[in-house]
1. Mind listing just one residue for me: the one in segment 59-80 that is in a loop (DSSP other than H, G, I, E, B) and among the aliphatic types (A, V, I, L, M) and, of those, nearest to the chain's Cα centre (by Cα)?
2. Could you tell me how many of the residues in segment 96-113 are assigned to a helix (DSSP H, G or I) and touching an Asp or Glu at 6+ places or on another chain (Cβ under 7 Å)?
3. Hey, does segment 35-47 have a residue that's at pLDDT 95 or above, assigned to a helix (DSSP H, G or I), aromatic (Phe, Trp, Tyr) and surrounded by 15 or more Cβ atoms within 10 Å (Cβ to Cβ)?
4. If you go through segment 48-70 one residue at a time, how many are modelled with pLDDT of 95 or more and surrounded by 19 or more Cβ atoms within 10 Å (Cβ to Cβ)?
5. Need the failing condition index for Gly126 against (1) farther than 20 Å from Ala11 by Cβ; (2) surrounded by 20 or more Cβ atoms within 10 Å (Cβ to Cβ); (3) modelled with pLDDT of 95 or more, just the number.
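The values are calculated or read from the model by the stated rules, or taken from the named source; none is laboratory data. Since the model is a prediction, treat every value here as computed from it, not as a measurement. So basically every Cβ, Gly included, is an ideal-geometry build from the backbone, and we count neighbours across all protein chains shown.
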Amino acid sequence: MLERTKARRQAMHILYQCDITGASASRVLEAHAWNPDDGEPLDFCRDLVLGVEAHQATIDGAISEISENWALGRMPVVDRNILRLAAYEILYLDDVPPSVSINEAVELAKVYGGDDSSKFVNGVLGRLAEERAARSGSQGPVPATEGPDD
């Protein structure tokens, strides 16, 4: 399994735990058992988790806007956190193509989500990536605009 794929999977588990328990990302990361040989995947996992936490209001707003008929609180916890993770990558990481973020999220949804989770995740994230590209006038990664949680 690719290193960043492992890091995304671990980040999704940590975000899920934060969502269920209400604990901060920092606290869950601190309590998590890490293999010291993990290196870069560990750093990427931490960056993802802390990035989602830092920008959660903007990320949740973007997801809510796109998933009009699904309130964020009504979404399955796994789906919600997969969406948050990939939305963070799409909105804030210049070095990750949106198509990679979407594909990785769909694969997580196939493994951890319900029967229709992968389709739902693909639809929401595809629309998010399209809207970001349209606002920028390009097909490349788009840095998010600054907001109150930036």
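1. Of the residues in segment 59-80, the ones in a loop (DSSP other than H, G, I, E, B) are 67-71, 75-76.
This time we only want the ones that are among the aliphatic types (A, V, I, L, M), so: 71, 75.
Working: Ala71: 17, Met75: 14 Å.
If we take residues in segment 59-80 being in a loop (DSSP other than H, G, I, E, B) and among the aliphatic types (A, V, I, L, M), then Met75 is nearest to the chain's Cα centre (by Cα).
2. Filtering segment 96-113 for residues assigned to a helix (DSSP H, G or I) gives 98-112.
Of the ones still in play, those that are also touching an Asp or Glu at 6+ places or on another chain (Cβ under 7 Å) are 101, 109.
Of the residues in segment 96-113, 2 are assigned to a helix (DSSP H, G or I) and touching an Asp or Glu at 6+ places or on another chain (Cβ under 7 Å).
3. no
4. Going through segment 48-70 one residue at a time, the tally reaches 10.
5. Condition (2) is where Gly126 drops out.
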